[in-house]
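The values are calculated or read from the model by the stated rules, or taken from the named source; none is laboratory data. The structure presented is a predicted model; accordingly, all values stated were derived computationally and were not measured. Here the Cβ is made from the backbone with ideal geometry for all residues, glycine too, and neighbour counts use every protein chain on show. We work out accessible area using only protein heavy atoms, side chains counted, and drop any ligands, DNA or RNA first. Shrake-Rupley method; radii C 1.70, N 1.55, O 1.52, S 1.80 Å.
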Amino acid sequence: KTTQGAVVDLEGKEFPAKGFEVANLVTVASSCSTSDNRDCLKSAASVVESLPPEIKKKTKQAQAVRPENIELQLNSGQKVIWGASKDNQKKAQVLSVLMQRGGSVYNVTDYAHPTIIG
């Protein structure tokens, strides 16, 4: 869902939320320019879709700063720096392992060289 209450598909297209149960959906937000907004929402939605259920239910928001710069805010206050919406399955697998170690910021931008802060 968007911060305005609409729902977003995997192509970044927004639809009215009527008929959807939005309470359990992850919020996707974009601070991109108007011309890039749909690509940003598409990237954010793609990242959310790739998350395993146990991480998705802990995710409050996916924020797109640019189409290739996605960050996740978890319900716990932790942050995930995802980067571009590519290699999403591999990044999700690495994130699952990282989250078992604790930390405040997880960076899976380069899933082969992830980092944890805090």
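Summary table
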| read-out | value |
| --- | --- |
| Helices (runs of 4 or more DSSP H) contained entirely in region 1-115, each with at least 3 residues that are open to solvent by less than 70 Å² (accessible area, probe 1.4 Å) and at pLDDT 90 or above | 37-50, 88-98 |
| Residues of region 13-59 classified as within 21 Å of Lys90 (Cα to Cα), polar (S, T, N, Q) and in contact with a strand residue (DSSP E or B) (Cβ under 6 Å, 6 or more places away or on another chain), total | 2 |
| Residue in region 2-12 that is in contact (Cβ under 8 Å) with a residue 12 or more places away in the chain, closer than 18 Å to Lys90 by Cβ and among the polar types (S, T, N, Q) present | no |
| Residues being touching a Lys or Arg at 6+ places or on another chain (Cβ under 6 Å) and closer than 17 Å to Thr59 by Cβ - total across region 90-115 | 2 |
